[in-house]
Amino acid sequence: MKAPGARRYPGTTVSAATIHIEPLRGAWVVRDDAEQAPVSEHSDCTAATNAARERARGIGDATVLLHDRYGRVRPVASSSESARRFSRASAS
């Protein structure tokens with residue numbers, strides 16, 4: 001069952017868990033889909049993204065979504081996906 005107000009985002013796969021990175025009162029928070037309370041708070045988006053990626057690795061099958069300050073939402077590539085893209089681009 002989908003949570004009230006939950007949305008599907010194009011280009012994302014359905015996973016066992018969704019982790020959100022969201023701006024909140026001048027900070028960035030990491031929040032699980034099932035919980036309203038943040039699991040961690042960070043001073044910048046990069047730190048929050050790293051924490052969300054680490055949390056996703058611990059869960060296994062998880063999607064990480066970044067909510068920017070303008071209300072846009074995009075999936076965040078895992079660090080291993082980013083490394084593969086970088087190595088392919090530099091080999092060209």
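Miscellaneous remarks
- Near the amide H of residue 63, within less than 5 Å, lie the amide hydrogens of 17, 18, 19, all on another chain or at least 5 residues away, with H placed in the peptide plane.
- 41, 54 arranged by Cβ crowding within 10 Å, fewest neighbours leading: 54, 41
Where a number appears in this text, it was derived from the coordinates with a stated rule and is not lab data. Nothing here was measured: the structure is a model prediction, and the numbers come from that model. Here the Cβ is made from the backbone with ideal geometry for all residues, glycine too, and neighbour counts use every protein chain on show.
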